Amino acid sequence: FDGIIGADFISAFVVELNYQTRTITLHDKDTFTYSGSGTIVPMGLNVQGHPIVDAAVTPVGGESIAGKFVIDAGSSMPLALYSPFVAAHHLPGVDLKTIPALGGAGAGGQILGRVGRVAAFAIGPSTLRSPYAMFSEDKTGAFAAADVQGNIGQPILSRFRIFLDYGRYRIIFEPTKELADPFDRAFSGLVIEAEGSDYKTFRITDMLDNSPATEAGLKIGDIITAIDAHTAVDLTLTQIFDLFEKVATYKLTIRRGDQTLTVSLAPRKLV
């Protein structure tokens, strides 16, 4: 991508995000009225211009905990819980299966933590069951902030039609039919970066132990040159991420030094 649209632009409109149709609609902020079935949620703006809303997270085996959460439409994790909140409430909880959070990064650099699940996450009257969550272990940076409790990412936001109305300090969350869909993302165990002037060199830069990646015999430094019938020139990094979040078996063509190898990768649910 070529840039980021920030708060100054967003605040000039009422911005409608429709994930189902993959469209953004810019409404005149002075004449906009809403008459749908959504819920109006008050919001604040932090110093960076990011919207913050009240919501509640329920740990597995625990009670609902209210907090303030940043709307982070650029995050691929449904929920990220900041380290002071994680420590204060002894999260993720006893005997809850988690895996290391690999490849996570924000404006402050690499993010340390573990990925598991919470029992529920509620915003307004809507409750999402058993979403994935990243439990931050950061000591510094954004994910160690104490004034908010976490981020709400795209996998949760995409279950709503959303209206960002900065001028009235509100967000309208209109549930879609996907609201009750399970969070069933698969994990490959791979961290992949796109290199080269055309970003078509897909290099494995890290791997999760005891994961589909290690079971496939992949190694750090391998370059993915094809997935099934699609060569690297036909793919983007986003498309590869989308593929590897599905439970399926893929034939990967790998360049390892002077060797060309073919392996089978079968992403699956790990938490």
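If you stretched the chain out fully between residue 179 and residue 261, how much longer would it get, using 0.36 nm times the residue separation minus the C-alpha to C-alpha distance? Before the final figure, lay out the partial values.
Working: separation 82, 0.36 × 82 = 29.52 nm, distance 4.12 nm.
Here the segment from residue 179 to residue 261 would lengthen by 25.4 nm.
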With a sphere of radius 15 Å drawn around the Cβ of residue 91, what net charge do the other residues whose Cβ falls strictly inside it have (Lys, Arg +1; Asp, Glu -1)?
-1
Estimated vicinal HN-Hα couplings, Hz - segment 246-262 in sequence order (Karplus 6.51, -1.76, 1.60; Gly, Pro = x)
10, 6, 6, 10, 10, 9, 9, 9, 10, 9, 10, x, 8, 9, 10, 10, 10
Determine the relative contact order of segment 46-172: mean sequence separation of Cα pairs under 8 Å and six or more apart, normalised by residue count, in whole percent.
32
Computed helical MRE - 222 nm, the chain, DSSP H runs ≥ 4 contributing -39500 (n - 2.57), nearest 500:
-2000 deg cm²/dmol
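Based on the alpha-carbon gyration tensor of segment 183-225 and its eigenvalue square roots a ≥ b ≥ c, which shape applies: rounded if a/c is under 1.5, prolate if not and a/b is larger than b/c, or oblate?
In terms of gyration-tensor shape, oblate.
What does the charge count near residue 194 come to, summing +1 for each Lys or Arg and -1 for each Asp or Glu among other residues with Cβ under 11 Å from its Cβ? Before the final figure, lay out each step's value.
Details: positive: 200, 203; negative: 193, 195, 198.
Residues close to residue 194 contribute a combined charge of -1.
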Under a 1.4 Å probe, what is the accessible area of the chain per residue, stated in Å²?
53
Over the chain, what percent of the accessible surface lies on carbon and sulfur atoms, probe 1.4 Å?
53
Name the shape class, rounded, prolate or oblate, that the alpha-carbon gyration tensor gives for segment 107-175, where a ≥ b ≥ c are the square roots of its eigenvalues, rounded holds for a/c under 1.5, and otherwise prolate holds if a/b is larger than b/c and oblate otherwise.
oblate
Residue-wise HN-Hα coupling along segment 48-63, computed from phi with Karplus coefficients 6.51, -1.76, 1.60 (Hz; x: Gly, Pro):
7, x, 8, x, 10, 10, 7, 8, 8, 10, 10, x, 4, x, x, 9
What is the Cα centroid distance between segment 117-167 and segment 175-231, reported in whole angstrom?
24
Among 88, 136, 153 the positive-end extreme of the charge dipole of segment 82-188 (Cβ point charges):
153
Once you have the Cα-Cα distance between residue 236 and residue 223, take 0.36 nm times their residue separation minus that, and quote the gain in nm to one decimal.
3.3 nm
Just subtract the alpha-carbon distance of residue 154 and residue 20 from 0.36 nm times their residue separation and send over the number in nm, one decimal.
47.0 nm
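Only loop residues by DSSP count here, and only those with at most 13 other Cβ atoms within 10 Å; note down the trypsin sites (Lys or Arg not before Pro) in segment 3-85 that meet that. Please report the intermediate quantities before stating the final value.
On the way: sites: 22, 29, 68; in loops: 22, 29.
Qualifying residues, ordered by number: 22.
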Integer Hz, Karplus 6.51/-1.76/1.60 couplings in order for segment 189-194, x for Gly and Pro:
x, 9, 10, 10, 10, 8
Residues of segment 47-70 with amide nitrogen under 18 Å from the 7 Å Cα-to-Cβ point of residue 95?
59-63
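Taking the Cα centre as origin and putting +1 on Lys and Arg beta-carbons and -1 on Asp and Glu beta-carbons, what dipole magnitude results for the chain, to the nearest 20 debye? Intermediate values should be presented prior to the final figure.
Details: 23 positive and 29 negative charges, 105 e Å.
About 500 debye.
The values are calculated or read from the model by the stated rules, or taken from the named source; none is laboratory data. The model shown is predicted, which means the values in this text are computed figures rather than measured ones. As a convention, Cβ positions derive from the backbone with ideal geometry for all residues, glycine included, and neighbour counts pool all protein chains shown. With ligands, DNA and RNA removed, areas are computed over all heavy atoms of the protein, side chains included. Shrake-Rupley method; radii C 1.70, N 1.55, O 1.52, S 1.80 Å.
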